[in-house]
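Novice: Before I ask anything, let me first share the structure, which is written out below as structure tokens.
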Amino acid sequence: MSAKIIDGKAFAATVREKVAGHVSRLREVHNIVPGLAVVLVGDDPASEVYVRNKGKQTLEVGMNSYEHKLPEDTPEADLLALVARLNSDPAVHGILVQLPLPDHIDEEKVINAIEPGKDVDGFHILNVGLLATGQKAMVPCTPLGCLMMLREHHGSLSGLNAVVVGRSNIVGKPMAQLLLRDSCTVTIAHSRTKDLAGVCRGADILVAAVGRAQMIPGDWVKPGATVIDVGINRIPAPEKGEGKSRLVGDVDFASAVQVAGAITPVPGGVGPMTIACLLANTITACCRANDLPEPS
Ligand code: NDP
């Protein structure tokens with residue numbers, strides 16, 4: 001039997017459509033145009049692609065996009081000054097500083113300089129604390145996208161055994177918090193976990209956020225489980241020609257799809273949902289800033 005493929009690309013399109021509807025209403029009824037500022041320091045090619053996509057999709061849903069590209073050797077103080085300007089700019093409702101930052105800049109200092117209400121990445125220490133204590137937070141985009149796909153597929157997640165492989169601050173930990181908030185029984189696994197295969201086999205929901213190509217084989221997946229593959233790894237693809245490559249997840253899709261009940265592909269699963277959730281978070285931030293009801 002083959003698993004249902006969870007189509008993140010199609011789901012992301014429906015999220016963007018809803019966001020576009022909220023943008024029109026904010027514009028027509030309240031005369032507000034939501035604005036997202038994205039800051040890129042340096043010229044990392046992968047980050048440049050992300051930033052370009054974010055800017056394009058922001059404009060497509062009718063929001064204002066403000067892109068700030070700074071040279072690699074930008075002093076930390078200059079970046080902090082830009083963040084301060086964006087914090088006090090009423091046209092900017094969301095601020096995203098693209099990570100990673102160059103080594104001479106303290107990432108935590110910059111993230112925590114962002115006004116928490118505008119922190120659409122949800123990485124500010126206040127938002128992390130609000131999420132952990134079950135209060136109204138800005139929720140990090142990648143785990144939020146995973147949660148939306150899980151809710152769409154399962155309806156209620158209550159009582160399900162969820163295993164999150166990976167404990168990073170941007171994916172693993174907030175993912176675990178969100179699953180806990182939805183009343184899953186949550187296990188967080190990492191590089192020191194004993195019997196990772198056995199831990200994964202107990203999962204009704206298995207979220208892989210490791211960054212190791214195809215490390216989770218199908219025989220680690222419980223029959224019928226839902227598998228969310230966050231990993232984005234580039235591997236050589238000689239079948240496509242010399243020097244060519246392709247993207248794969250942290251899960252070995254070919255074997256896992258035979259066992260799982262549902263699975264996200266890479267590409268076309270979690271990735272597209274991340275940017276859609278960034279746009280949705282910007283609407284949330286805009287509504288909160290203007291004391292308007294937030295979209296559900
Ligand atoms: P990090 O490198 O920050 O974290 C990786 C985690 O995996 C760590 O907690 C690490 O454990 C754990 N790990 C590493 N090796 C093993 C192993 N052999 N067994 C078990 N656990 C292991 O990565 P991120 O969380 O930032 O990203 C994870 C993946 O998700 C990457 O492929 C990234 O590209 C992708 N990603 C995709 C996004 C999207 O939009 N789809 C967005 C963000 C990330 P330990 O803590 O013990 O070292």
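Novice: If the requirement is being in contact with an Asp or Glu (Cβ under 8 Å, 6 or more places away or on another chain), outside any helix (DSSP H, G or I) and closer than 29 Å to Val266 by Cβ, which of these qualifies: Val51, Val38?
Specialist: Values: Val51 fails: outside any helix (DSSP H, G or I).
Exactly one residue qualifies, and that residue is Val38.
Novice: Next up: Being on the phi > 0 side of the Ramachandran plot and over 18 Å from the mean Cα position of the chain (by Cα) is the filter here; which residues of the range 84-141 pass it?
Specialist: The answer is Gly134, and nothing else.
Novice: What is the number of the single condition among (1) crowded, with 17+ Cβ neighbours inside 10 Å; (2) in contact with a helix residue (DSSP H, G or I) (Cβ under 8 Å, 6 or more places away or on another chain) that Lys9 does not meet?
Specialist: All conditions pass for Lys9, except number (1).
Novice: Determine the pairs where a residue that is assigned by TED's automatic domain parsing to the domain that holds Leu157 and in contact (Cβ under 8 Å) with a residue 24 or more places away in the chain, located within the range 168-189, has a partner that is polar (S, T, N, Q) and within 14 Å of the ligand (Cβ to nearest atom) with Cβ atoms under 7 Å apart, the partner being 6 or more residues away or on another chain.
Specialist: So the pair list comes out as Ile170/Thr142; Val171/Thr142.
Novice: Looking only at the range 246-296, which residues are of a type in the set (S, T, N, Q) and either at pLDDT below 95 or within 14 Å of the ligand (Cβ to nearest atom) (or both)?
Specialist: Within the range 246-296, Thr264, Thr274, Asn281, Ser296 qualify.
Novice: Do you know which residues across the range 231-243 are in contact with a Ser or Thr (Cβ under 6 Å, 6 or more places away or on another chain) and within 10 Å of the ligand (Cβ to nearest atom)?
Specialist: Listed by number, the list holds a single entry, Arg234.
The values are calculated or read from the model by the stated rules, or taken from the named source; none is laboratory data. Since we're looking at a predicted model, the values are computed, not measured. Quick reminder, even Gly has a Cβ in these numbers, built from the backbone with ideal geometry, and neighbours come from all protein chains shown.
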